[in-house]
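A.B. asks: Structure below; questions to follow.
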Amino acid sequence: MPDTVFQAFAATAGAHPDHAFLCAPPAPGRAYHPDGVEFTYAQARDQVLRHRESYAAAGYGHGHRVALLLENRPEFFFHYLALNALGCGIVPINPDYRHDEMLYQMDHSEADLAVVVAARVADLERVALERSRPLPVVSADAFPAALPAPGPAPRVGAAGLDTECSLLYTSGTTGRPKGCILTNFYYLNAGAWYGGMGGTLVFERGRERFYNPLPLFHMNCQAVTATCVILGAHCLILPERFSPTRWWPDVVATRATVVHYLGVVPPLLLNQPPSDAERRHRVKLGFGAGVEPSLHEPFEKRFGFPLVECWGMTETGRVYGDRFEPRQIRTRAFGTPFGAFEAKVVDDADREVPRGTEGEMLVRWGGPEGPRHGFFAGYLKNREATEEAWRGGWFHTGDCVRQMPDDMLVFVDRKKNIIRRSGENIAAAEVEAALQAHDAVAQVAVLAVPDEIR
């Protein structure tokens, strides 16, 4: 295994220079590449090496953090891989964040620099004025002009598997988002895990084109998918964001073979009028989470490919997937534990519950490397939360599931979303699905409230 994501990228670029690496579908009126663009591994490598030289000349190196607000643009990867080559970690910024959210993230992460799209430079400069330490802000459009030197000197020594690759912030259900420290090993392991899951998830080296509309500030696209793409010499297709009207034209135009989705995608696509494009695609599978069980089979019948349900979180890196036929497509099933990636289901006292009983899913690595092998390295500046999540040597996911007698894991809901009625657990997601099926309901959210009697 290479020691860094950059090393993996460089090896693939050397072996497959003419293979497509990054693609942005055409989007008239978009601020970047409105006619669409595609970069080969060789073209991307040239850009990455130029950026690496610029960052190194300015003094950036091992241990520095650079915040990136580059949306879902291909240029994100030129900066990310250049910084990774130098041992710098990145802090992706959600483009939807506004002042207070960005100020918290920039303060908490102690980023040494922010590289942002031109339209957001003024926003980050206002954040910099209030931050407790200086924050240089550079426009990506003007890079590398006026690239300032970092304050602290870089660490001694080369970057390696344990070097921080990124700091990704989880949304969380209470309090401020937590910064997950993710290492090079986390990334390389997550990408290799996805690429080697088998079953329905079989990817031909150098042949797949992954269409992923999910944001680059989340682990799905930026860590799992992108690293799988790099390791397998595939192509990553990056639409600006999910659009139900642009989905099929984009998928057809970019010759996508694999698509990624979240639960909101299938119903919106099913609500679109039939089109010629929806049957002219080359897609062989979809990979994602949260498809409503009643829509799973209709989606596959209409569009002609399987949706493989999975489970994963920023903290775990690895994912489970219902990848073997016959898949349990009407049940919220997301696969069985495999390899040394172990799972168990427990009650509120962390006691294992019988099969078929709802409880919180705990996961760990069961190999000799130890339970945290391949997981996140911890929450930044929050050792207490890290250890609480890992109590008893198992990572507490906060997800309520059932494990069936055949080991299949079935998602119920987030633990905090479970409603208790007369001692019975009711999943908010199931109530929402029932209400959403009514023609008069546009949107619905179900929340638990206290009841003095029940």
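The values are calculated or read from the model by the stated rules, or taken from the named source; none is laboratory data. Fair warning: this is a prediction, and the values are worked out from it, not measured in the lab. All Cβ positions, even for glycine, are placed from backbone atoms using ideal geometry, and neighbour counts span all protein chains on display.
A.B. asks: Where residues in region 142-162 are at pLDDT below 95 and out of contact with any His (no Cβ under 8 Å at 6 or more places or on another chain), which of them is nearest to E71 (Cα to Cα)?
C.D. replies: A142
A.B. asks: Moving on. Can you list the helices (runs of 4 or more DSSP H) found entirely within region 1-111 that contain at least 2 residues being farther than 21 Å from L188 by Cβ and out of contact with any helix residue (DSSP H, G or I) (no Cβ under 7 Å at 6 or more places or on another chain)? Show your work before the answer.
C.D. replies: On the way: elements: 5-15, 41-58, 75-86, 99-109.
Here the list reads 41-58, 99-109.
A.B. asks: Inside region 331-354, can you point out the residues that are surrounded by 13 or more Cβ atoms within 10 Å (Cβ to Cβ), of a type in the set (D, E, K, R), more than 24 Å from the chain's Cα centre (by Cα) and part of a loop (DSSP other than H, G, I, E, B)? Can you show your working first?
C.D. replies: Taking region 331-354 and keeping what is surrounded by 13 or more Cβ atoms within 10 Å (Cβ to Cβ), we get 331-338, 340-346, 350, 352-353.
From what's left, of a type in the set (D, E, K, R): 332, 342, 344, 350, 352.
Add one more test, that the residue is more than 24 Å from the chain's Cα centre (by Cα), and what stays is 350, 352.
Of everything in region 331-354, just one residue is surrounded by 13 or more Cβ atoms within 10 Å (Cβ to Cβ), of a type in the set (D, E, K, R), more than 24 Å from the chain's Cα centre (by Cα) and part of a loop (DSSP other than H, G, I, E, B), namely D350.
A.B. asks: Here's something else I'd like to know. Return the residues of region 221-237 that are surrounded by 24 or more Cβ atoms within 10 Å (Cβ to Cβ) and over 20 Å from H16 (Cα atoms); say none if nothing qualifies.
C.D. replies: Within region 221-237, Q222, A223, V224 meet the criteria.
A.B. asks: Turning to a different aspect of this structure: Could you tell me which residue of region 357-407 is farthest from L168 (Cα to Cα), considering only residues that are of a type in the set (D, E) and outside any helix (DSSP H, G or I)? Lay out the reasoning, then the answer.
C.D. replies: Start the filter on region 357-407 by keeping residues that are of a type in the set (D, E), which leaves 358, 360, 369, 384, 387-388, 399, 406-407.
After this cut, where a residue has to be outside any helix (DSSP H, G or I) as well, the list is 358, 360, 369, 399, 406-407.
On the way: E358: 30, E360: 24, E369: 24, D399: 20, D406: 35, D407: 31 Å.
The qualifying residue farthest from L168 (Cα to Cα) is D406.
A.B. asks: Here's something else I'd like to know. Filter region 372-397 down to residues that are among the hydrophobic types (A, V, I, L, M, F, W, C) and more than 23 Å from A349 (Cα to Cα), then give me how many there are.
C.D. replies: At the first step, the residues of region 372-397 found to be among the hydrophobic types (A, V, I, L, M, F, W, C) are 375-377, 380, 385, 389-390, 394-395.
Filter again for more than 23 Å from A349 (Cα to Cα), leaving 375-377, 380.
The qualifying residues number 4.
A.B. asks: With region 118-201 as the region, which strands (runs of 3 or more DSSP E) entirely inside it contain at least 1 residues that are among the acidic types (D, E)? Steps first, answer last, please.
C.D. replies: Numbers: elements: 137-139, 164-169, 179-183.
The qualifying strands (runs of 3 or more DSSP E) are 164-169.
A.B. asks: Looking only at region 142-184, which residues are exposed (fewer than 14 other Cβ atoms within 10 Å of the Cβ) and more than 20 Å from H62 (Cβ to Cβ)?
C.D. replies: Hits for region 142-184 are A142, A145, A146, S171, G172, T173, T174, G175, R176.
A.B. asks: If you check E309 against the conditions, is it modelled with pLDDT of 95 or more, over 30 Å from Y186 (Cα atoms) and not small (G, A, S)?
C.D. replies: Details: modelled with pLDDT of 95 or more: yes; over 30 Å from Y186 (Cα atoms): no; not small (G, A, S): yes.
Here the answer is no, as E309 does not meet what is asked.
A.B. asks: Now, a different point. Under the condition of being within 15 Å of V412 (Cβ to Cβ) and not polar (S, T, N, Q), which residue from region 355-383 is surrounded by the most Cβ atoms within 10 Å (Cβ to Cβ)?
C.D. replies: Taking region 355-383 first, the residues within 15 Å of V412 (Cβ to Cβ) are 355-362.
Checking which are not polar (S, T, N, Q) leaves us with 355-356, 358-362.
Numbers: R355: 13, G356: 11, E358: 19, G359: 23, E360: 22, M361: 25, L362: 22.
Selected residue: M361.
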